[in-house]
Amino acid sequence: MSPEMLALLADSFVETIYMVGVSAFIATLLGIPLGIVLVTTGQGHILENTKLNAVLGAVVNATRSTPFIILMVAIIPVTRALAGTSIGTNAAIVPLSIAAIPFLGRIVEAAIREVDHGVIEAAQAMGASPLQIIRKVLIPEALPALVLGLTITVVSLIGYSAMAGAVGGGGLGDLAIRYGYQRFRPDIMLATVVILIATVQLVQSCGDRLARRLNKR
Amino acid sequence: MIELHGIEKEYRGAAGPIRALRGVDLAVAAGEIFGIIGKSGAGKSTLIRCINMLERPSAGRVLVDGRELTALSGRQLRAARKKIGMIFQHFNLLSCRTVFDNVAFPLELDGKSRREIEAEVAPLLELVGLTDRRGQYPAQLSGGQKQRVAIARALANNPKVLLCDEATSALDPQTTRSILELLKNINRKLRLTIVLITHEMPVIKEICDRVAVIEDGLIIEQGTVTDLFVRPQTATTRDFIRTIVNHDLPPGLAARAFSPLPQEGSSLMLRLSFLGGSAEEPVIARLIRKFDVDVNILFGNIDTIQDTPFGTLVVELAGEQAAVSGALNYLQAHELGIEVIGYVARNARAVG
Ligand SMILES: Nc1ncnc2c1ncn2[C@@H]1O[C@H](COP(=O)(O)OP(=O)(O)OP(=O)(O)O)[C@@H](O)[C@H]1O
Ligand SMILES: [Mg+2]
């Protein structure tokens, strides 16, 4: 493979990492609170608010049931407004984040729900406020599961980012389509696939290892 | 220290409302160990959780240390709860925190500095005997050790009251005894008022000063533990006592025909419960001297409730009708628990 091709692969890889990194960051920032709110506003929980809970649940379901490729096209006006353009890596970050937030939200919800109710009760009996319970009980107790959830989200984002690349988002997916498919370069195609697989493996094993380290059960 | 007035609690169940508590009045004095015993589903957990308002009563008032908890706002209630410790059947420790950090948890909630926390947690770990385990996680501890951590954690805010919800029900008998000993120790050392609920009579017998029996959402009987043992008023209480004091008649006796009224040539069968002083007094010897009756001891058993001897005897009184009823009156005048089992025909006696 020529040096130019290698440089192209490296650039595309960096683009993928950038897209996935930024959208994972945004998803973490908003998806974790979303998941926590989904649990704590539920019936009988520490911030019970069943109306808010129902509305959020419906929005999350709507986003999650829309296929990513359709979501990406459907929100082009939003993407333009936020990123100033509808093509390129920055533009791809918008749909990636919007898809990842409810995805992670549901995973966080499941993780937080796993926290033993007795522990929450013990904290309440000690006079902890709802915010203290979230910060000092729910998040720390669910941390291993949260790390695993975040790992799954990043892995999904890598897949989605390749899809976003296919429609002009840049990154490895873009490269694979333009060179591997349109210019019939199987070596490029193979290289991108190998890099994607290796990246996913690496992310997954790091996540697994970290979660195991954090788990004190 | 704790007053409950007309506490009611209703849950919404699938098949209509469930009345878990139906008007409970209770007063617990400062410094005492108060037990609440009842069968499964009687409402014990609901009741103890009403004391710190983990469960808000549907009706009634809760007063702890002079403050009416039922009248407090959320924030005031949280502040009040810091003076009410609680321990649970399943310990409810934070699995991601070490022993030390679990005990430090309530202090962290109060925003104390690391130095203050260190100074306060160390003596608590000492008190519960876990100083050498401070860096371990709950998963590395035995049940008894976990409950000790929970006790230290509950004491961190210097509470006036400690609520124990089946605190020993998940532990084996030896560990149960050591945890009860620790609770008693704390009760004396810190003048801490303890309310504990249980379905096990040995727990009540071991450490409680007073006890209430709860059934179907109502307190059906209460008094000192010794009173309850000597003079149980209800069938439920007798059932509980039977779990540790053998109240059954020996088979040879149980097979005989009892009648509630005296008959020609019949003798009277009694079960006597002695407690403390009267267990040592020679009541029976005096009875024989005073009345013209034969006393036949058929069955006997001596136990201790905390440090007080507690005995039960099944005796048969035989003699003239007047002498027998005189003897019965004499016994009833003493500090004795008496249960008339019935009259049996003397000629049908199987045992000498
Ligand atoms: N959250 C709830 N929702 C509906 N019903 C409840 C709830 N909690 C308790 N109950 C009902 O209230 C009654 C009393 O329950 P409670 O837990 O106080 O009993 P308990 O004496 O502690 O029993 P156990 O020894 O089994 O723990 C039971 O009939 C129970 O089914
Ligand atoms: Mg219970």
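Before moving on, here are some points about what is shown:
- A single entry from B:GLN136, B:GLN89 fulfils the requirement of being open to solvent by 20 Å² or more (accessible area, probe 1.4 Å), more than 30 Å from B:LEU47 (Cβ to Cβ) and either at the interface with chain A (Cβ under 9 Å from one of its Cβ atoms) or not in a helix (DSSP H, G or I) (or both): B:GLN136.
- Residue satisfying all of: in the stretch B:95-130; under 29 Å from the mean Cα position of the chain (by Cα) and outside any helix (DSSP H, G or I); farthest from the other protein chains (Cβ to nearest Cβ) among these: B:GLY129
- Put simply, of B:ARG22, B:ARG67, B:ARG49, B:ARG12 the only residue that is open to solvent by 30 Å² or more (accessible area, probe 1.4 Å), among the charged types (D, E, K, R), in contact with a helix residue (DSSP H, G or I) (Cβ under 9 Å, 6 or more places away or on another chain) and within 14 Å of ligand 1 (Cβ to nearest atom) is B:ARG49.
- Extreme residue, farthest from B:LYS39 (Cα to Cα), among residues of the stretch B:238-254 that are at pLDDT 75 or above and part of a loop (DSSP other than H, G, I, E, B): B:ILE244
- Top-ranked residue of the stretch B:27-44 - restricted to ones that are crowded, with 20+ Cβ neighbours inside 10 Å and over 20 Å from B:LYS184 (Cα atoms), ranked as nearest to ligand 2 (Cβ to nearest atom): B:LYS44
- Any chance A:ALA198 is open to solvent by 40 Å² or more (accessible area, probe 1.4 Å) and either aliphatic (A, V, I, L, M) or within 14 Å of another protein chain (Cβ to nearest Cβ) (or both): yes
- Enumerated helices (runs of 4 or more DSSP H) restricted to the stretch A:28-133, each holding at least 3 residues that are without any contact (Cβ under 8 Å) to a residue 60 or more places away in the chain: A:50-65, A:68-74, A:76-83, A:89-113, A:117-125
- Sole residue being of a type outside the set (A, V, I, L, M), free of Cβ contacts under 8 Å to residues at least 60 places away in the same chain, more than 14 Å from chain A (Cβ to nearest Cβ) and not in a loop (DSSP other than H, G, I, E, B), chosen from B:PRO57, B:PRO17: B:PRO17
- Residue selection: B:GLY74 satisfies the criterion of being at the interface with chain A (Cβ under 9 Å from one of its Cβ atoms) and modelled with pLDDT under 95.
- Restricted to the stretch A:110-131, and to residues there that are closer than 15 Å to B:ARG97 by Cα and facing another protein chain (nearest Cβ under 9 Å), the residue that is most open to solvent (accessible area, probe 1.4 Å) is A:ASP116.
- Residue selected from the stretch A:4-33 under the condition loosely packed, with under 15 Cβ neighbours inside 10 Å and charged (D, E, K, R), by the criterion farthest from A:THR153 (Cα to Cα): A:GLU4
- Among the residues making up the stretch B:298-324, none is open to solvent by 50 Å² or more (accessible area, probe 1.4 Å), in a helix (DSSP H, G or I) and in contact (Cβ under 8 Å) with a residue 60 or more places away in the chain.
- Checking B:ASN158 against (1) assigned to a loop (DSSP other than H, G, I, E, B); (2) within 14 Å of chain A (Cβ to nearest Cβ); (3) away from ligand 2 (no atom under 16 Å from the Cβ); (4) open to solvent by less than 60 Å² (accessible area, probe 1.4 Å), the condition it does not meet: (4)
- Search result, residues across the stretch B:57-113 that are among the polar types (S, T, N, Q) and under 30 Å from B:THR131 (Cβ atoms): B:GLN89, B:ASN92, B:SER95, B:THR98, B:ASN102, B:SER113
The values are calculated or read from the model by the stated rules, or taken from the named source; none is laboratory data. Please read all numbers here as calculations on a predicted model, not as lab measurements. A quick note on method: Cβ atoms are made from the backbone with ideal geometry, for glycine too, and the neighbour counts reach across all protein chains shown. These area figures cover heavy atoms from the full protein model, side chains too; ligands, DNA and RNA do not enter into them. Shrake-Rupley method; radii C 1.70, N 1.55, O 1.52, S 1.80 Å.
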